[in-house]
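Working notes, structure below.
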């Protein structure tokens, strides 16, 4: 192994570690759950109300559960089911993604000021 | 013939490789890479992060970059992806493999010609760019930039898997068969 190999490897690990640290600090408390389907907003639900949502898309079906301030994917008929294995979300930041069904679930903070109900992109 | 003149100047006698031999060799290597994909499909080395794999099949592409022509290696890569995709994956997973495979191939090709890094470094770059390629396609598919959250994890896992494959590749280069064509 050359010295440059070690530098490259260390740089990758460091960069990754710094990135993870930033993403670990960054998440904020949110109040809503936003479901994106195929790049478009599918629905926004309050995080404080427990409910079960069945998301229908052209690609299949996912069942999302909001319970006790956290949100997780309960069922999905996608082939890999990574979204179901994903840990429940409690804060904004890392989303739950179901790639085969093109669904992204994330926690957001909804503006409570009335007119800013929509989401600025 | 120019190639024979050249061979006389070097101690090892270099015979031009016939087209039939090239095709047969590529076919054999596709089969080998396919077996590696198969092994990984039935015995996934899980590290707790879904989708993170060692990328054993990349060992074939990596070592052959140093021995065969770029087009031959590219043919092996495509053959392996199509076969493995049809057998163990879906059309969908094939697109991801293709994006990661082609991007990492190009980067590894670029760096194996330059002697900046050894096989290990080239493999690390391959592992990282493979993951980046897949992430880019995923971002494009779900039309959501939030997927960048997976970037640090994919960077670390890509570099680690790449290093392991690179070290294996380095060992292979010590074997006589893996020395430039005799």
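The values are calculated or read from the model by the stated rules, or taken from the named source; none is laboratory data. Keep in mind that what you see is a predicted model, and the values were worked out from it rather than measured. Because the Cβ atoms are built from the backbone with ideal geometry, glycine has one as well, and the counts that use them run over all protein chains shown.
Which condition does residue B:35 not pass, out of (1) crowded, with 17+ Cβ neighbours inside 10 Å; (2) assigned to a helix (DSSP H, G or I); (3) at pLDDT 90 or above, if it passes all the others?
(1)
Of the numbered conditions (1) without any contact (Cβ under 8 Å) to a residue 12 or more places away in the chain; (2) touching a strand residue (DSSP E or B) at 6+ places or on another chain (Cβ under 8 Å); (3) surrounded by fewer than 12 Cβ atoms within 10 Å (Cβ to Cβ); (4) under 22 Å from residue B:150 (Cβ atoms), residue A:54 fails exactly one; give the number of that condition.
Here residue A:54 meets the rest and fails (4).
Any residue at all in the stretch B:160-170 that is within 9 Å of another protein chain (Cβ to nearest Cβ), in contact with a helix residue (DSSP H, G or I) (Cβ under 8 Å, 6 or more places away or on another chain) and buried (at least 24 other Cβ atoms within 10 Å of the Cβ)?
Checked the stretch B:160-170: at least one residue is within 9 Å of another protein chain (Cβ to nearest Cβ), in contact with a helix residue (DSSP H, G or I) (Cβ under 8 Å, 6 or more places away or on another chain) and buried (at least 24 other Cβ atoms within 10 Å of the Cβ).
Go over the candidates A:23, A:13 one by one and state the one that is touching a residue at least 24 places away in the same chain (Cβ under 8 Å) and within 9 Å of another protein chain (Cβ to nearest Cβ).
That would be A:23, the only listed residue that is touching a residue at least 24 places away in the same chain (Cβ under 8 Å) and within 9 Å of another protein chain (Cβ to nearest Cβ).
Test residue B:131 against the stated conditions and say whether it is within 17 Å of the chain's Cα centre (by Cα) and under 29 Å from residue A:24 (Cβ atoms).
yes
So, of the residues in the stretch B:143-152 that are at the interface with another protein chain (Cβ under 7 Å from one of its Cβ atoms) and within 24 Å of the chain's Cα centre (by Cα), which turns out to be surrounded by the most Cβ atoms within 10 Å (Cβ to Cβ)?
Checked the stretch B:143-152; the qualifying residue surrounded by the most Cβ atoms within 10 Å (Cβ to Cβ) is B:152.
Condition first: under 21 Å from residue A:98 (Cα atoms) and surrounded by 17 or more Cβ atoms within 10 Å (Cβ to Cβ). Now tell me which residues in the stretch A:1-29 satisfy that.
A:23
Could you check the stretch A:96-109 and list, in sequence order, the residues that are surrounded by fewer than 21 Cβ atoms within 10 Å (Cβ to Cβ) and in contact with a strand residue (DSSP E or B) (Cβ under 6 Å, 6 or more places away or on another chain)?
Across the stretch A:96-109, the qualifying residue is only A:108.
The conditions are (1) surrounded by 19 or more Cβ atoms within 10 Å (Cβ to Cβ); (2) on the phi < 0 side of the Ramachandran plot; (3) within 8 Å of another protein chain (Cβ to nearest Cβ), and residue A:80 fails exactly one of them. Which is it?
(1)
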